Amino acid sequence: MRVTRGTTGAAVAASVLLALTGCGGDGDGGGAAASDEIEVFTWWAEGSEKEGLDALVAVFEQQHPDLAFVNGAVAGGAGSDAKNVLASRLQTNDPPATFQAHAGAELTDYIDQAQIEGLSAMYEEKGWTDLFPEGLLERLEHEGEIYSVPSNIHRANVVWANPAVLEEAGLEPDATYGSLDEWFTALDKVDAAGKIPLSVATDWTQVHLLETVLLADLGAEAYNGLWDGSTDWSGPEVKGALENYAKLIDYTNSDRQSLDWPDATQLVIDGQAAFNVMGDWAEAAFATQDKKFGTDYVTFPVPGTDGVFDFLADSFTMPVNGPNPEGTEAWLDTVASAEGQEAFNKAKGSIPANVEAKTDDFGAYQQTAVESWSNDEIVSSLAHGAAASVSWLTDVTAAVSKFGSQRDVAGLQQALASAAEKHAAE
Ligand code: GAL
C-alpha cells in the first residue's frame with residue numbers, strides 16, 4: 001500500500017496522538033491501526049527526484065509487503081522548505097518515522113539536539129559497518145556513535161551543458177575548461193550568440209554555485225580550511241573567489257529568484273542556456289526526458305575543480321520518540337540494502353553508498369562519478385549539509401541572497417566572515 005500524508009492526515013494525526021500518550025502500536029493494543037504506516041519525510045516531492053524516491057519505495061514494498069509507505073515529502077530543492085517544516089515537527093514532538101538528513105555537519109545538528117537515535121548497535125548487529133566506506137561512516141558518527149544510514153553519494157561540482165547551444169556559439173561541444181578564466185571566454189561567446197550563458201535558480205542554487213567557485217579558486221586544501229578555521233574568510237583568496245562569483249552571476253538568467261533547480265536545469269535541456277552548475281541529481285532530469293549523454297548533454301567538473309569530488313550524501317534517521325521504530329528499522333534495512341541502493345541511485349543520478357551495490361548498468365554520466373569518487377580528492381559540500389551546520393548555512397544563504405540584489409562583494413565577504421566567526425566553533 002502506498003499513501004500520501006495528505007490522504008491519511010487523520011491516521012497520521014491519530015498515530016501522533018497515540019505516540020504522545022504512550023499508547024503506540026507496539027503490541028499494547030492501543031495503536032494497531034497505525035503501526036504498519038511508515039511516514040518517510042524527504043524533499044523529493046516532484047519530478048525526477050520523486051522518481052528516485054519511487055524506485056526506493058518499490059524495493060521497500062517488495063521487501064516489506066506488510067508495511068505501508070506514507071509519503072511525507074515537502075517540496076523545495078535542497079530541503080529549502082522541508083527543513084523548516086521538519087524542525088517545527090521535531091520541536092513539537094511530532095516526528096515522522098524517518099527523515100532525510102545530510103551526512104556531516106547537518107546530521108550533527110540533529111544529534112546535538114537529541115532528536116535522533118544512535119544506530120551503532122543496529123550497525124553491529126546487521127554488519128553494516130562493512131557496507132559503507134570508512135570516510136562516509138566518519139561523517140555519520142558523533143563521539144563514536146553512528147546516527148544514520150546513507151542512501152547515496154552525490155557530486156556537487158558538475159557543469160551540465162547543451163552541445164547544440166555550444167556549437168551555435170562557436171564552441172567545441174566536448175571542450176572542458178581548465179580555469180574559470182578560460183570559462184569566462186566561453187561564457188562571453190554564448191552571450192554574444194544570444195543565449196543564457198549560465199543558468200541558475202533561487203538562493204540555495206546560488207550558494208551551490210558559490211561553493212564550487214570557492215573550491216575552484218582556493219583548491220581543496222584551503223577550501224577544507226574554510227570549515228575548520230584554518231582559511232581566512234577575510235583574506236585575498238576568498239576575495240578573488242567572490243569577485244569571480246560576482247562575474248559568473250552577471251552571466252545568469254535574470255528571473256533566477258523565481259526558479260528552483262529543475263527550472264534552471266531545464267533551460268539547458270531546452271537549449272535556452274549553455275551551462276548549469278548543479279549536483280548530479282540533474283542527471284535524473286536529463287535521463288527522465290530521454291536525453292542522451294554525449295549527444296544531448298555533456299558534463300565536466302566546474303572549471304578549476306578537476307580531480308576533486310565535491311561530496312554530499314543523503315541519509316535516513318531513526319527519530320527520538322518516533323511513531324513506529326520497528327517500521328523505521330524496516331525502512332533503514334531497505335535503504336542499506338544493495339537492492340535498494342541499486343534501484344534508488346540508478347534513478348536518482350547519484351552513486352550507491354553501499355560498496356556491494358552494482359553499478360554496471362548505471363548511465364554513462366554516473367560511470368564518470370563512480371570513477372571520480374574512487375580516484376579524486378573528496379571535499380564536503382556547503383549547500384548540502386556536509387561542511388557546515390544548518391544555522392551556518394542559513395547565514396551564508398542570507399548573505400548570498402542579499403548579494404543578489406545589492407551586488408556588494410565587500411559586503412558579501414564581510415557577512416561570510418562573520419558567519420564563519422559565529423559558527424565555526426559550534
Ligand atoms: C540535495 C539532496 C539531493 C537533492 C538536491 C536537490 O540537498 O541531497 O538528494 O534532492 O538537494 O533537491
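The values are calculated or read from the model by the stated rules, or taken from the named source; none is laboratory data. Keep in mind the model is a prediction, meaning the values are calculated, not measured. Because the Cβ atoms are built from the backbone with ideal geometry, glycine has one as well, and the counts that use them run over all protein chains shown.
Condition test on residue 53, is it within 11 Å of the ligand (Cβ to nearest atom), within 21 Å of residue 329 (Cβ to Cβ), touching a helix residue (DSSP H, G or I) at 6+ places or on another chain (Cβ under 9 Å) and part of a helix (DSSP H, G or I)? Please lay out each step first, then the result.
On the way: within 11 Å of the ligand (Cβ to nearest atom): yes; within 21 Å of residue 329 (Cβ to Cβ): yes; touching a helix residue (DSSP H, G or I) at 6+ places or on another chain (Cβ under 9 Å): yes; part of a helix (DSSP H, G or I): yes.
So residue 53 fits the description; yes.
Hey, can you tell me all the residues within the stretch 70-86 that are part of a loop (DSSP other than H, G, I, E, B), buried (at least 18 other Cβ atoms within 10 Å of the Cβ) and more than 10 Å from the ligand (Cβ to nearest atom)?
Matches in the stretch 70-86: 72, 73, 74.
How many residues are surrounded by 20 or more Cβ atoms within 10 Å (Cβ to Cβ) and either modelled with pLDDT under 95 or farther than 17 Å from residue 404 by Cβ (or both) if we restrict to the stretch 236-253?
1
Report yes if some residue within the stretch 379-395 is at pLDDT 95 or above, charged (D, E, K, R) and either over 24 Å from residue 83 (Cβ atoms) or buried (at least 23 other Cβ atoms within 10 Å of the Cβ) (or both); otherwise report no.
The answer is no, given that none of the residues of the stretch 379-395 is at pLDDT 95 or above, charged (D, E, K, R) and either over 24 Å from residue 83 (Cβ atoms) or buried (at least 23 other Cβ atoms within 10 Å of the Cβ) (or both).
What number of residues within the stretch 196-235 satisfy the criterion of being buried (at least 20 other Cβ atoms within 10 Å of the Cβ) and not in a helix (DSSP H, G or I)?
The total comes to 8.
Restricting to the stretch 271-303, and then to whatever is under 26 Å from residue 192 (Cα atoms), assigned to a loop (DSSP other than H, G, I, E, B) and among the polar types (S, T, N, Q), can you tell me which residue is farthest from the ligand (Cβ to nearest atom)?
The qualifying residue farthest from the ligand (Cβ to nearest atom) is 295.
Out of contact with any Asp or Glu (no Cβ under 9 Å at 6 or more places or on another chain), surrounded by fewer than 20 Cβ atoms within 10 Å (Cβ to Cβ) and at pLDDT 95 or above: which single residue out of 28, 66, 94 fits that description? Outline the logic, then answer.
Values: 28 fails: at pLDDT 95 or above; 66 fails: out of contact with any Asp or Glu (no Cβ under 9 Å at 6 or more places or on another chain).
That would be 94, the only listed residue that is out of contact with any Asp or Glu (no Cβ under 9 Å at 6 or more places or on another chain), surrounded by fewer than 20 Cβ atoms within 10 Å (Cβ to Cβ) and at pLDDT 95 or above.
Of everything in the stretch 309-340 that's part of a loop (DSSP other than H, G, I, E, B) and among the hydrophobic types (A, V, I, L, M, F, W, C), which residue is nearest to the ligand (Cβ to nearest atom)?
So the first thing to find is which residues in the stretch 309-340 are part of a loop (DSSP other than H, G, I, E, B), and the list is 313, 317-318, 320-324, 337.
From the residues that got through so far, the ones that are among the hydrophobic types (A, V, I, L, M, F, W, C) too are 313, 318, 320.
On the way: 313: 8, 318: 19, 320: 23 Å.
Going through the qualifying residues, I end up with 313.
Assigned to a helix (DSSP H, G or I) and in contact with a strand residue (DSSP E or B) (Cβ under 9 Å, 6 or more places away or on another chain) - does that describe any residue in the stretch 142-161?
Looking through the stretch 142-161, none of the residues is assigned to a helix (DSSP H, G or I) and in contact with a strand residue (DSSP E or B) (Cβ under 9 Å, 6 or more places away or on another chain).
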